[in-house]
Amino acid sequence: MRKRPFRCGLEELGNDLYAWMQPDGGWGWSNAGFIRDGETSMLVDTLFDEPLTAGMLKAIEDATGIAPGEIGTLVNTHANGDHTHGNALVPNAEVIASNAAGREMMELPPAALAKLKAAGATGALGEAGEHFAKVFAPFDFSRARGRAPTRTFDKRLDLRVGDKAVELHMLGPAHTEGDTLVWLPGERVVYTGDLLFIDSTPVMWSGSVDNWLAACERILSFGAEYIVPGHGPITDATGVRRVQEYLRFLDREVRIRFDAGMPAEQTALDIALGEFRHWLEPERIAVNVVTLYRGYQGDSSVPDMVSLFGLMARVRRSSRKRWYEGASA
């Protein structure tokens, strides 16, 4: 694959396939996709708020002549708001997501995030709220409406956009419970959602590592020409393998400390990230450690988001010298 610059805007992948890219790929700055064949079209994900989504849809209309109201299908790769909050701006599309993603969307609607952000800005939630409000400061949740799926599926759904075959594969739990990728075998392009973070730290809200590694193997098996991740630049097999390296490293280092009886917070502070410390948001290791601990313990309860953001804030503060000031780890 010819290396492409990571720049904001619409990237044409050939044969009426597009990627919408949002540097730097950190918290909330997600990618999306667009597929067309004649007058038939599919949008892969919306963005974290409606102004951002409106800007993307305007660029798509300028490039393709397809207006938002003419988009026939919207696929949400998973439930997180940076891939769903703009759904209402595609009013006539059939909205498709996995069953698990549909359930998760109902559990954390845009209004809930708006409430958390507002509380965090006032200091009501302590360091957790401050961290939440800071990382999501660029986004306007207060007017985001979202839109629930109108069609769900379990493991696989085969669709068409005109003459283009489109396969949806649900491969979670990994990043979330309902992670889905969108594969076009004829065009050899795959939109992975947040099964891939490139040059930024993957965050594992649901796990497991084994499922996520298997999902990466599925991506590799396609032999895609273009791999569009949920966050970060367009990549190839090398980027997928780097995500696998991080996941294996994480599982190995966390398991050693779990077996030794080390508390989760201490584990998150103790692990030296080495070559991965330069990826964006290394403090996400805190969420990953807690998720792995819960998996090792057989705990299937829903984690508390506020406590996880508090832990990330503490890990970021405590590890700033090692991670952000260039000291060796």
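The values are calculated or read from the model by the stated rules, or taken from the named source; none is laboratory data. A quick note: this is a predicted structure, and the numbers were derived from the prediction, not measured. Quick reminder, even Gly has a Cβ in these numbers, built from the backbone with ideal geometry, and neighbours come from all protein chains shown.
What to note about this one:
- Annotation note: Cβ proximity below 8 Å between a residue of segment 59-71 that is aliphatic (A, V, I, L, M) and a residue that is in a loop (DSSP other than H, G, I, E, B) (sequence gap 6+ or interchain) occurs for 60/66; 66/39; 71/90; 71/92; 71/93.
- Candidates in segment 275-310 are the residues that are part of a loop (DSSP other than H, G, I, E, B) and among the hydrophobic types (A, V, I, L, M, F, W, C); of these, the one that is surrounded by the fewest Cβ atoms within 10 Å (Cβ to Cβ) is 302.
- So residue 215, is it buried (at least 21 other Cβ atoms within 10 Å of the Cβ), outside any strand (DSSP E or B) and out of contact with any Phe, Trp or Tyr (no Cβ under 7 Å at 6 or more places or on another chain): yes
- Segment 164-212 - residue that is of a type in the set (S, T, N, Q) and at pLDDT 95 or above and, of those, surrounded by the fewest Cβ atoms within 10 Å (Cβ to Cβ): 211
- Members of segment 147-193 that are among the acidic types (Asp, Glu) and either closer than 20 Å to residue 46 by Cβ or free of Cβ contacts under 8 Å to residues at least 60 places away in the same chain (or both): 154, 158, 167, 177, 179
- Residues in segment 196-212 that are of a type in the set (Gly, Ala, Ser) and assigned to a loop (DSSP other than H, G, I, E, B): 206, 207, 208.
- The number of residues in segment 130-158 being part of a loop (DSSP other than H, G, I, E, B) and either of a type in the set (Gly, Ala, Ser) or within 23 Å of residue 55 (Cβ to Cβ) (or both) comes to 13.
- Of all residues making up segment 252-270, the number that are farther than 21 Å from residue 132 by Cα and surrounded by fewer than 21 Cβ atoms within 10 Å (Cβ to Cβ): 13
- Among the residues of this structure, residue 111 does not count as one that is at pLDDT 95 or above and either part of a helix (DSSP H, G or I) or polar (S, T, N, Q) (or both).
- Whether a residue is touching a Gly at 6+ places or on another chain (Cβ under 9 Å), among the hydrophobic types (A, V, I, L, M, F, W, C), closer than 19 Å to residue 286 by Cβ and outside the structural domain of residue 306 (by TED's automatic domain parsing) was assessed, and residue 148 does not pass this test.
- Yes/no for residue 233 being within 18 Å of the chain's Cα centre (by Cα), over 25 Å from residue 99 (Cα atoms) and not in a helix (DSSP H, G or I): yes
Conditions tested, residue by residue: (1) within 16 Å of the chain's Cα centre (by Cα); (2) among the acidic types (Asp, Glu).
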site: 172; (1), (2): yes, no
site: 177; (1), (2): yes, yes
site: 189; (1), (2): no, no
site: 198; (1), (2): yes, no
site: 204; (1), (2): yes, no
site: 210; (1), (2): no, yes
site: 216; (1), (2): yes, no
site: 221; (1), (2): no, no
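- Scanning segment 70-108 for residues that are within 16 Å of the chain's Cα centre (by Cα), outside any helix (DSSP H, G or I) and over 25 Å from residue 23 (Cβ atoms) yields 97, 98, 108.
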